[in-house]
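**Student:** Mind having a look at this structure? Questions to follow.
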Amino acid sequence: MRRISPVPVAAVGLIGLVALVVPWLGLPDPVTIDVSNRLSPPSWQHWLGQDEVGRDILSRLLWGARSSLTVAILSALIGCAIGTTLGVLGGFLGGVVDLLTIRAADIILCFPPLLLALLVVTLLGPGAATLIPVLGLVFIPGFVRVAYAGVLSVRHQEYVEAQRALGVGPARIMLRTVLPNIGGPVLVQFSLAMAAAVVLESGLSFLGLGVVPPSPSWGLMIGAARQTMAQTVLPLIWPCIALTMTVLAMNALCDAVRAAVDPHGMPPRERRWKLPALLPGLPLGAASSLSVNGLSVAIDTTAGEIRPVRRVSWQVAPSETLAIVGESGSGKSLSGLAVLGLLPPVARAAEGEVHFDGRELLRLDEPALRRLRGGDVAMIFQDPMSSLNPVHRIGRQITEAIRVHRKLSHGAAWREAVALLARVGIPDADRRARSFPHELSGGMRQRAMVAMAIANRPKLLIADEPTTALDVTIQAQVLDLLAELKAENGMGLVFITHSLPVVAEIADRVVVMYAGEVVEQGPVGEIFPRPLHPYTAALLQSAPPEDGSLPKAIPGTVPLPQHFPAGCAFAPRCAMARPECDAAPLPLEQAGPGRQTRCIRWRTLASEPTMQRAEA
Amino acid sequence: MWVARRIVVALILVWIVASVVFLAIRLVPGDPAELMLSQGGVSPDAAVVAELREQLGLDRPVWDQYWANLRGLLVGDLGVSLTDQASVARQVFVRLPRTLELIAAAAILSVGFGIPLGLLAALRRGGWFDRAVMAAAGLSLSVPVFVVGTLMVLLLAQWLSLLPAGGFTPLARDPGRHFAQLLMPALTISSSLGPVLVSMTRASVIDVITRDHVRTARAKGVAPAAIVAHHVLRNALIPVVTVLALHLGTLLGGTVLVEYVFNYPGLSGLLVDSVNARDYPMVQGVVLVISVLFVALNLVMDLIYGMLDPRVRHA
């Protein structure tokens with residue numbers, strides 16, 4: 001938990017302090033009536049003036065803070081104690097207890113809070129003594145739900161299971177493990193309950209159903225001053241200000257507590273997602289080959305700029321398949337997204353050039369890029385479930401891709417969409433076009449994504465881990481489909497993946513990425529039998545071998561962008577590393593025709609192909 | 001099928017609510033009849049208490065009372081008011097449409113400015129417009145409704161004489177005055193509902209904008225305005241509808257204060273009057289009707305939710 005921002009704490013603390021010390025401030029008695037001076041303006045004796053029966057407004061205001069906060073704290077405590085206990089018991093013990101507590105809370109939630117309070121006040125009569133338990137009751141369900149959810153989330157975590165296995169009793173587990181874990185959310189709920197209690201107390205008192213006159217309460221003061229507001233407004237304004245300021249301070253405190261408890265709070269500075277002006281784009285040319293030169297992607301974080309992609313270069317020719325391989329965090333997906341300007345808002349292409357059809361894509365304006373996207377350059381993403389819009393039918397999503405780029409009637413576009421679905425091997429395409437994404441299987445969804453991508457016969461298709469979310473048989477079908485389409489249309493294919501067997505099956509050339517850099521590049525037929533970078537070699541060994549022997553995992557993980565080393569990024573995990581590897585950034589060396597490697601020891605690796613196997 | 005299941009669940013909830021309202025009076029310590037009659041600590045006459053007990057049927061066994069109560073509900077009989085012997089059901093159904101109209105007007109106003117402002121704030125996230133909207137929403141949310149209402153009366157009615165300070169005129173008699181009197185209470189309610197919708201819409205849109213399917217739409221070359229209309233707004237409204245449903249329910253309770261401030265003779269005004277008069281059958285009837293309304297509202301919202309999100313229909 002981070003520190004809670006001090007300003008709201010100080011504000012609420014100040015109000016609390018005033019409420020605490022008000023009996024010793026030497027103020028006039030808040031209930032002494034002085035009818036002859038009713039509605040007097042502010043004076044030396046009465047700084048804020050006198051109310052409709054001549055009582056001192058300042059004194060009533062400060063005493064009002066006392067009653068308001070007393071009710072707020074006590075009722076929130078009651079709600080917290082009972083609600084949290086019930087929620088923890090329900091979540092922890094489960095079964096009947098669970099049913100009773102959670103359903104009871106749900107039923108209380110069926111009554112709007114103010115109504116529930118009114119119902120009980122009818123039965124018990126108004127007054128602060130009624131108000132506190134009533135509001136406590138109103139707050140119980142909130143605490144039950146928060147505690148219940150918290151317990152459910154920690155109940156099955158390993159450290160709790162471990163304690164249970166060690167024979168620790170449930171009461172002890174609850175006290176030691178569960179309570180500290182739900183502390184944050186319960187604290188947030190507590191601050192919310194206090195703020196709500198202040199509002200509810202003043203509202204009920206305003207109606208004459210809360211604090212009983214002549215006791216001072218802001219709600220009562222506002223209610224009474226309303227009657228005389230035609231004569232003077234000051235007695236009305238003061239309690240309105242006091243109440244609003246208090247609620248404002250408490251709401252700010254709620255936000256501060258929530259921000260401190262919530263681990264996702266305080267996102268890094270983000271660029272705005274602008275609505276660019278609609279401008280005509282440039283006409284499209286004929287030749288098509290994509291070349292990426294020295295591309296870097298930067299992300300601004302609170303700790304400064306990081307570069308998850310660094311000076312990456314690769315090319316893909318028409319009818320060629322280029323595979324970009326690497327572990328998660330290697331920057332392979334980001335470099336793919338950067339090509340079409342689809343980087344998430346936090347990231348931007350910081351340097352480099354991307355050429356396609358004689359145009360530089362990184363300098364292209366948004367409308368021109370838009371014409372390219374889904375037109376000459378299409379993209380497929382990893383998870384077809386989340387990549388399709390869940391609320392629109394499949395056919396409509398494909399139709400949209402068609403009609404964005406070509407002037408077609410809705411009917412014609414729909415017929416084309418159905419034909420596309422049939423083309424990618426979806427049976428009963430006519431009916432499937434009317435399905436929603438959740439009604440299709442994973443394989444069919446990815447086929448639908450492919451259909452959408454090829455709708456305008458792209459010259460280049462960028463596929464970002466298109467088969468990762470699918471099982472092996474479906475994977476093979478989608479790969480076959482892509483190969484077929486490529487042969488049919490002569491389109492170039494950039495295939496981003498972490499799976500080497502897939503690369504061997506589909507790709508002509510491979511780019512291996514590590515820690516944001518290209519570490520090796522060359523034709524598949526040469527790299528697979530003879531890798532010239534220890535990382536490629538390690539990747540090849542970490543794939544399950546066909547002879548049934550155990551694959552070799554690469555020790556360690558990819559460094560985070562903020563911790564990229566100065567020299568070779570793979571050196572800390574490399575069995576062949578020498579001190580000179582860490583000294584300075586290594587260049588990408590030419591190692592034969594069409595082959596590059598970023599290893600200074602590639603000659604050693606090339607001459608002793610067994611060495612890697614022995615040392616790694 | 002999905003609709004039928006939702007309706008059954010709603011009916012069960014109504015039954016539970018009716019039972020709880022029935023039990024509330026019996027579970028309170030002390031004799032309810034005596035509680036109702038005692039004013040300011042003076043013990044009431046025993047004969048009067050006995051008479052009231054008989055009138056309310058409190059002298060009969062609890063099960064009998066419970067069945068009588070449920071049977072009455074089925075035929076729309078909510079009992080008889082203690083103050084004027086009028087039928088509770090009739091009173092309630094005179095007042096109910098007025099409160100519903102007020103809530104509908106408030107909801108339309110809140111949705112009308114809350115969702116567009118929330119959307120624009122999200123699209124201009126971090127900019128001055130976003131910060132201004134969010135600051136205004138936070139402030140507006142912090143002022144209790146009865147304070148907003150009272151200050152609005154002071155400003156618009158007393159000082160500027162733009163709108164009537166309160167009251168109610170039937171639509172048939174004078175439509176102009178009817179809507180003039182409706183505007184201020186509806187605006188007052190919007191001052192608390194609107195900001196909730198603004199921040200909810202903003203958060204939801206920001207969440208949806210970063211989802212994969214929006215990236216897919218961009219990858220298809222769809223223009224930003226069309227992305228917002230077809231791929232962001234519709235998806236983003238799903239959680240907003242849920243929140244709206246929850247808050248409309250709270251609003252039903254919140255109208256108590258607003259109707260009081262504007263002297264609007266709705267259901268809640270009836271409730272406050274009968275609470276003050278300790279007219280228990282009337283309170284019971286009003287609370288029951290409002291709770292049933294709350295459940296019905298949630299049902300309607302569930303149905304809208306199903307229309308927005310096709311996945312729900314199959315869950």
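**Student:** Could you work out the relative contact order of the stretch A:524-611, using alpha carbon pairs under 8 angstrom and six or more residues apart, expressed as a whole percent?
**Tutor:** It comes to 29 percent, rounded to a whole number.
**Student:** Also, quick follow-up: Given +1 on the Cβ of Lys and Arg, -1 on the Cβ of Asp and Glu, and no further charges, what dipole in debye does the protein assembly as shown carry about its Cα centre, rounded to the nearest 20?
**Tutor:** I would put it at about 1720 debye.
**Student:** Along the Cα-to-C-beta direction of residue A:7, a point sits 7 Å from the Cα; which residues of the stretch A:210-250 have their amide N less than 12 Å from that point?
**Tutor:** What the label zone holds, given the 12 Å backbone N cut-off, is A:249.
**Student:** What is the stretch B:156-200 by shape, rounded, prolate or oblate, if you read a ≥ b ≥ c off the alpha carbon gyration tensor as root eigenvalues and call it rounded for a/c under 1.5, prolate for a/b larger than b/c, and oblate otherwise?
**Tutor:** Judged from the Cα gyration tensor, the stretch B:156-200 comes out oblate (a/c at least 1.5, b/c at or above a/b).
**Student:** What residues of the stretch A:1-25 lie in the reach of a label at residue A:302, counting those whose backbone N is under 11 Å from a point 7 Å from the Cα along Cα→Cβ?
**Tutor:** What the label zone holds, given the 11 Å backbone N cut-off, is A:2-3.
**Student:** Would you give the gap between the C-alpha center of the stretch A:130-170 and the C-alpha center of the stretch A:292-348, rounded to a whole Å?
**Tutor:** 45 Å
**Student:** For residue A:245 and residue A:311, compute 0.36 nm times the residue count separating them, minus their Cα-Cα distance, and round to one decimal in nm.
**Tutor:** Net length gain for the segment: 18.3 nm.
**Student:** Let me ask something else. Taking a ≥ b ≥ c as the square roots of the Cα gyration tensor eigenvalues, with a/c under 1.5 meaning rounded and otherwise prolate when a/b beats b/c, else oblate, which class fits the stretch A:393-480?
**Tutor:** Oblate, because a/c is 1.5 or more while a/b does not exceed b/c.
**Student:** Right, something else. Could you give each residue of the stretch A:184-195 its phi-based ³J(HN,Hα) in whole Hz, using Karplus coefficients 6.51, -1.76, 1.60 with θ = phi - 60°, and x for Gly or Pro?
**Tutor:** These are the phi-based 3J(HN,Hα) values: x, x, 5, 4, 4, 4, 5, 5, 5, 5, 4, 4 Hz.
**Student:** Could you tell me how many degrees, from 0 to 90 and to the nearest 10, lie between the Cα long axis of helix B:62-74 and the main elongation axis, the longest principal axis, of the Cα atoms of chain B?
**Tutor:** Computed tilt is about 50 degrees.
**Student:** Right, something else. Among rounded, prolate and oblate, which fits the stretch A:524-611 when a ≥ b ≥ c are the square roots of the eigenvalues of its C-alpha gyration tensor, a/c under 1.5 means rounded, and a/b larger than b/c means prolate?
**Tutor:** Oblate is the answer for the stretch A:524-611, as a/c is 1.5 or above yet b/c matches or exceeds a/b.
**Student:** According to a simple spin-label model (label point 7 Å from Cα along Cα-to-Cβ), what is the distance in nm between residue A:578 and residue A:434?
**Tutor:** Those two pseudo-labels are separated by 7.1 nm.
**Student:** List the lysines whose Cα lies under 30 Å from the Cα of residue B:220, skipping any in the same chain that are fewer than 8 positions away.
**Tutor:** Excluding near neighbours in sequence, the set is A:274, A:332, A:407, A:459, A:486.
**Student:** Tell me the relative contact order for the stretch A:386-446 as a rounded percent, counting alpha carbon contacts under 8 Å between residues six or more apart.
**Tutor:** This gives 44 percent for the stretch A:386-446.
**Student:** Putting +1 on Lys and Arg Cβ atoms and -1 on Asp and Glu Cβ atoms, find which of B:183, B:293, B:82 reaches farthest to the positive end of the dipole of the protein assembly as shown.
**Tutor:** Ranked along the dipole, the leading option is B:183.
**Student:** Now, a different point. So between residue A:355 and residue A:99, what do we pick up on full extension, going 0.36 nm a residue minus the alpha carbon distance?
**Tutor:** 85.9 nm
**Student:** Ok, one more. Taking the Cα centre of the stretch A:10-119 as origin, sum charge times position over the Cβ atoms of Lys and Arg (+1) and Asp and Glu (-1), and report the length of that vector in debye to the nearest 20.
**Tutor:** In debye, rounded to 20, the stretch A:10-119 gives about 60.
**Student:** Here is a further query. Ratio of Rg to Rh for the protein assembly as shown, alpha carbon only, Kirkwood?
**Tutor:** A ratio of 1.06.
**Student:** Take the Cα of residue A:175, step 7 Å along the line toward its Cβ, and report every residue of the stretch A:55-81 whose backbone nitrogen sits under 15 Å from that point.
**Tutor:** Of the residues in the stretch A:55-81, none has backbone N under 15 Å from the label point off residue A:175.
**Student:** Tell me the relative contact order for chain A as a rounded percent, counting alpha carbon contacts under 8 Å between residues six or more apart.
**Tutor:** Worked out over chain A, it gives 11 percent.
**Student:** Another question about this same structure. For the protein assembly as shown, what is the calculated [θ] at 222 nm in deg cm²/dmol (nearest 500), taking -39500 (n - 2.57) for each run of four or more DSSP H residues and dividing by its residue count?
**Tutor:** Value at 222 nm, helices only: -18500 deg cm²/dmol.
**Student:** Any aspartates and glutamates with Cα under 16 Å of the residue A:552 Cα? List them, leaving off those in the same chain fewer than 8 positions away.
**Tutor:** Cα-Cα hits under 16 Å: A:327, A:615.
**Student:** Ok, one more. How far is it, in nm, from the label point at residue A:409 to the one at residue A:289 when both lie 7 Å from their Cα along the line to the Cβ?
**Tutor:** 4.3 nm
**Student:** From the P(r) of the stretch B:123-275, could you give the percentage of C-alpha pairs in the tail past 19 Å?
**Tutor:** Tail of the P(r) past 19 Å holds 64 percent of the pairs.
FYI, it's all coordinate maths here, none of it is from the lab. As the structure is a prediction and not an experimental result, all values here were calculated from the model. Note: ideal-geometry Cβ built from the backbone for every residue, glycine included; neighbour counts use all protein chains shown.
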